[in-house]
Amino acid sequence: MKRLLAVLASPLLVLGQPALAAQKQGDVIIRHVTLIDVEAAKALADQAVVLHGDDIVAVGSDADIARGWRAKQKVDGKGRFLIPGLWDMHVHFGGGPDLIEENKALLPLYVANGITTIRDCSGDLPEQVLAWRSEITNGSLFGPRLLTSGAKIEGIAPVWKGTIEVGSTADVDAALDRLKARDKVDFVKITDSTLKPELFLYALTRAKALGLKTSGHIPMALTVDQAVDAGISSIEHLDYAYNAGAKDEALIAADFAAKRIDRAEANRRLDAGFDRDTAMAAYRRFAAKGVFVTPTLNGSRIIAYLDRDDHSKDAGLAYIGPKLRKTYDWRIERAAKADAAAIAARHKQIDDVATILPMLAEAGVPIIAGTDAGFLNSYNYPGFGLHDEVELFQQKGLTPAQALASATRAGPAWFGWLDRYGAVKPGMAADLVLLTQNPLEDIAATRAIDAVVVRGAVQDRAALDKMLSDTRAKVAAWNAAAKP
C-alpha cells in the first residue's frame, strides 16, 4: 500500500495519463524573452533559454522549455531582447609599466557594455596582457574573454614600443616561433612603421603556413592586393580597404617605394584615383580570399574632427585614469598643428572612406566591429566606443542587422568559431546580452542593456552599474592623487 501511494504521489505520473518526463536541471533559465536570430535577422517572440555552466543547453518556446526544464536562477525576459554577447575586435592596452593598473581597470567597462569578448591588437604591455588572458580564463580576474596577438611584429627601431623587431627572414621565423610556441597567441599583428615591405609579405606567408591568423597595417609601398595574395586575414582600419579602390594604386605604391613621392602625396593620389568599379572588383577579391575588414571608423572620425568637437565634458573621461588620458595628448597636439587645408582634407577623407562600408557589404566582405579604443587613441572610450562604432555603421549605410552581425558574428567567424559563438542555440557559449529594445529596428538598442551573461554568470543591471561606479571611484582616486 505504501508503495502504491508513493507511485501515485510521484510528479511523473498523473492518473489516467501517460507518464511525463522528469524535468531537466539547468543553472539559469531566461523566460518569455524575444530571441534575436542574428544570422537570419529575425526576432522570435516568447522564447526561453536554459544555461548550464558556460553552455546554452536548451532553447525553444517558453511553454515547451518550462515543461521540460527547471533552474536555480530565473530571469524574467518579458519585454526584453536576447542577443549573443558583443565582440570588440580591435582594442589596445599600453602606455608603459606605470599604466598597468589604469589599463586593468578598463576590463569591467567592456562587460558593463555587453562586450563578452575582446581582441587585443597589441600595445606595449604584451606580457601583462598575456597574463590577464590566463587569469580571466582561470577565473582569478574578472573581465571579458581576452584574445591577443601578443607583441606585434615590426621593423628595426619602429615608432611603436613593445614590438618584436625583425630585419631578416630569419628574424621573422624566430618571431613567429616565439608567438606560436611560447606565447600561444590567438593571432599575429604585423605593422609597417619600419618593417621592410618584403618582410611584411614574408611574415604573412609564414604565419599562414603555421596556421596563424594575421591582421595589420599594409605598407604604402605595397598594394592591398599584394597583402591579400600573401594571406592577410583581416585588414585593420577602413582607409587601407579604401586604397584598394584607386585605379593606379600599383603605380602609386611603386612611386612611394622609390621615394619619388611622400606619404601625403601618395594619399592624395589614392583618394583622387578612387573608382567604384575598381573598388568593387577588389572587394569581391577580398571576399573570395576570405579577407575580413575591421573599419575602426569611430576612432578615425574622432581624430578627423578634433578641431570641431569639444571632448572636455565627455562622460567617458570619468572612466579613464589620468596617465591614460595623458597619452591622448600625442594625437591631440598633432591634430592641432594642422592648417585649414589639412583640416579640410582630413574631414573629406573620413567622409570619403566611410562610403565604402555598404560597398564592402555588397561585395560580401565580412565587416568586423572594432573600436581601436585604448591608450593613445584620444576620446575613444573602451566599452562605450563599440556602440558608437556600430551606430556609425548604420548611419553610413549598413542595416541594423548587418551592424549587429559585425559585433556578434563577424569576430567568431574570423576565428572560425561560429560553432561556439555568435548565436543563441544549444551548444553555444553562454555569453549573452539582454536588451530592453530591439536592435533589428535600430542598432542604438545595443546601449539599452538590462543584463549581461558572461560564461554563464548573470550580471544584472545593478551589478553592471556597480562595475561602472567602481571604475569611476578608482579614477577619481587616481585623479586626486595626481593633483599637485
Check your understanding: Hey, does the stretch 141-156 have a residue that's in contact (Cβ under 8 Å) with a residue 40 or more places away in the chain, of a type outside the set (S, T, Y) and at positive phi?
Key -> no
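From the list A451, A457, A462, A405, pick out the single residue that is among the small types (G, A, S) and open to solvent by less than 20 Å² (accessible area, probe 1.4 Å).
A451
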Exercise for review: Select the helices (runs of 4 or more DSSP H) contained entirely in the stretch 329-381, then report the ones holding at least 1 residues which are within 21 Å of the chain's Cα centre (by Cα) and closer than 22 Å to R119 by Cα.
Suggested key: 357-363
Practice item. Within the stretch 268-281, track down each residue that is within 21 Å of K348 (Cβ to Cβ) and either under 27 Å from the mean Cα position of the chain (by Cα) or of a type in the set (V, I, T) (or both). Key: T278, A279
Check your understanding: What strands (runs of 3 or more DSSP E) lie completely within the stretch 76-128 and have 3 or more residues being of a type outside the set (G, A, S), within 19 Å of W160 (Cβ to Cβ) and over 14 Å from the mean Cα position of the chain (by Cα)?
Key -> none
Review point. Is there any pair with a first residue in the stretch 70-90 that is touching a residue at least 12 places away in the same chain (Cβ under 8 Å) and a second that is buried (at least 24 other Cβ atoms within 10 Å of the Cβ) and among the basic types (K, R) whose Cβ atoms are under 6 Å apart and which are 6 or more apart or on different chains, and what are they?
Key: M89/R119
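The values are calculated or read from the model by the stated rules, or taken from the named source; none is laboratory data. Because the structure is predicted, anything quoted here is derived from the model rather than measured. All Cβ positions, even for glycine, are placed from backbone atoms using ideal geometry, and neighbour counts span all protein chains on display. Quick note on the areas: whole protein, heavy atoms, side chains included, nothing else; ligands and nucleic acids left out. Shrake-Rupley method; radii C 1.70, N 1.55, O 1.52, S 1.80 Å.
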